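So the structure is just underneath, and the comments pick up after that.
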Amino acid sequence: MNLAKHLIFQGNRLVCFSFKAALFLSVLTVFSFGQDDDELTIDSSIVVLNASIKDVAGRHVSGLRKQQFKVFEDGVEQQVDLFSAEETPFAAVILLDTSGSMEERVSMARAAAIRFLDGLRESDSAAIYRFDSKVILVQPFSNSRDVAEKVYDLKADGMTRMNDAVYDAAVELSKRPEKRRAIIVLSDGQDTLSEKSADRALKAALAADISIYTVDMSAIGDSKRVQSQGVLKNFSEKSGGTFVSTPGGAAMREAFAKIVEDLGIQYTIGYSPANTRKDGKWRSIELRVARANLTVRTRKGYTAEKQK
C-alpha cells in the first residue's frame, strides 16, 4: 500500500498512525487560511519541537538521549514519541525592512543578509524578501551564497508591512520539505500598514514549526525603540528563536554565524498531547533536560484546533 494512504492532513498538522513514518517524512504542513484570526489553528494530533541546547559557555550540546528529555504541556507531563538528534538541513526566509524609517540602515540590513548566506551548507536553502508598503520576493529559495544584483539596489521608502511579511514567509516555508525552518527579520519593528496582526503572524509561524530570529535595526535614541523591540522579542521568544539587539559590527556578524549554526544543530522532539480538547486555546509548552547547567530554547506553545 502506498505510504501516502497512511497519512491524513487535518487543518495544517500531520496526523499519522506511525510516529516512525512521521519522523522519516518530517512534519509536512498544509495551510488553509481564512479571513478571521480564529480560523488559523493547528490540529494537535502531534506536536513537534525543534530545540537548541547549550552549555554555560554557549556551546551546542550533543549526545543527549531521549530519556533525558521531558515535555510538559500546561504543566502536565507528556509522552515523548519522536526523537532525533542530528544535523539537519534547514530552510530560511530573510525579511529585509526597506520602509522609509530604515533609510540609514538598509545597507546594514543587506550586509547582514549576505553574512547569513555565507554560512549556508549545500543542503540548506534560503530566500530573501523585502517589505515596505508591499512584500516582494528579491531572491527565491536556493543554497547559493551569492545574492542577486537587485539586492544592492534596495532603497528605503514607503510604509511597513512587517506582520504581513512574517505571515507570508510562514506560508511559503510551510511548503518546504525541511523539518527545520526559520524566519530572520531585520527591522526596526515599527509596523504601520499590515493587514495581519502580530499575533496572527506568530500563529502562522508556530503552526509551521518555524523559529523566528529578529534583529533590531532601530536607531539609538528612537522614541519608539523600546516598544518596537518588544514586538521583535515576542516573535523570537515565543517561537524559539533569538533576538539580536546589536545590529552592527562584529556583534552582528557573530550573531548571524550563531543563527546558522543554531538551525543546523538541534534536537527534534515530538509528542501526542494528552489534552485532546479542540477548544482553540493556547497550550504552553516546557521542555526540560535531565542535566544541570544547560540552556534549553524551543517554542513556548501553540494554539489548539478549535471545533467548528
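Computed values, structure above
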{"item": "Residue ID - modelled with the lowest pLDDT, chosen from residues in the range 178-213 that are over 10 Å from the mean Cα position of the chain (by Cα), of a type in the set (Gly, Ala, Ser) and crowded, with 24+ Cβ neighbours inside 10 Å", "result": "Gly189"}
{"item": "Meets criteria (over 21 Å from Val296 (Cβ atoms) and in contact with a helix residue (DSSP H, G or I) (Cβ under 6 Å, 6 or more places away or on another chain)) for Gln229", "result": "no"}
{"item": "Residue check, Glu104 under 30 Å from Leu117 (Cα atoms), out of contact with any strand residue (DSSP E or B) (no Cβ under 9 Å at 6 or more places or on another chain) and modelled with pLDDT of 50 or more", "result": "yes"}
{"item": "Residue match in the range 58-71 (condition: in contact with a Leu (Cβ under 7 Å, 6 or more places away or on another chain), within 30 Å of Arg225 (Cα to Cα), modelled with pLDDT of 90 or more and surrounded by 20 or more Cβ atoms within 10 Å (Cβ to Cβ))", "result": "no"}
{"item": "Count - residues of the range 107-133 that are out of contact with any strand residue (DSSP E or B) (no Cβ under 9 Å at 6 or more places or on another chain) and over 24 Å from Asp222 (Cα atoms)", "result": "5"}
{"item": "Any hit, the range 257-279, residues being of a type in the set (D, E, K, R) and surrounded by 19 or more Cβ atoms within 10 Å (Cβ to Cβ)", "result": "yes"}
{"item": "Test result for Ala250, under 30 Å from Gly221 (Cβ atoms), of a type in the set (Gly, Ala, Ser), exposed (fewer than 13 other Cβ atoms within 10 Å of the Cβ) and modelled with pLDDT under 90", "result": "yes"}
{"item": "Ser123 being in a helix (DSSP H, G or I) and surrounded by fewer than 23 Cβ atoms within 10 Å (Cβ to Cβ)", "result": "no"}
{"item": "Within the range 138-177, tally of residues that are out of contact with any helix residue (DSSP H, G or I) (no Cβ under 6 Å at 6 or more places or on another chain), acidic (Asp, Glu) and surrounded by fewer than 18 Cβ atoms within 10 Å (Cβ to Cβ)", "result": "3"}
{"item": "Of all residues making up the range 238-269, the number that are of a type outside the set (D, E, K, R) and over 17 Å from the mean Cα position of the chain (by Cα)", "result": "8"}
{"item": "Residues of the range 124-141 classified as within 18 Å of the chain's Cα centre (by Cα) and of a type in the set (S, T, N, Q), total", "result": "1"}
{"item": "Wholly enclosed strands (runs of 3 or more DSSP E) of the range 42-103 bearing at least 2 residues within 21 Å of Glu261 (Cβ to Cβ), out of contact with any Cys (no Cβ under 8 Å at 6 or more places or on another chain) and touching a residue at least 60 places away in the same chain (Cβ under 8 Å)", "result": "47-54, 80-87, 90-97"}
{"item": "Scope the range 81-119; condition touching a Lys or Arg at 6+ places or on another chain (Cβ under 6 Å) and surrounded by fewer than 21 Cβ atoms within 10 Å (Cβ to Cβ); matching residues", "result": "Phe83, Thr88, Arg115, Asp118"}
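The values are calculated or read from the model by the stated rules, or taken from the named source; none is laboratory data. Please read all numbers here as calculations on a predicted model, not as lab measurements. Cβ coordinates were reconstructed from backbone atoms using ideal geometry, including for glycine residues, and neighbour counts include every protein chain displayed.
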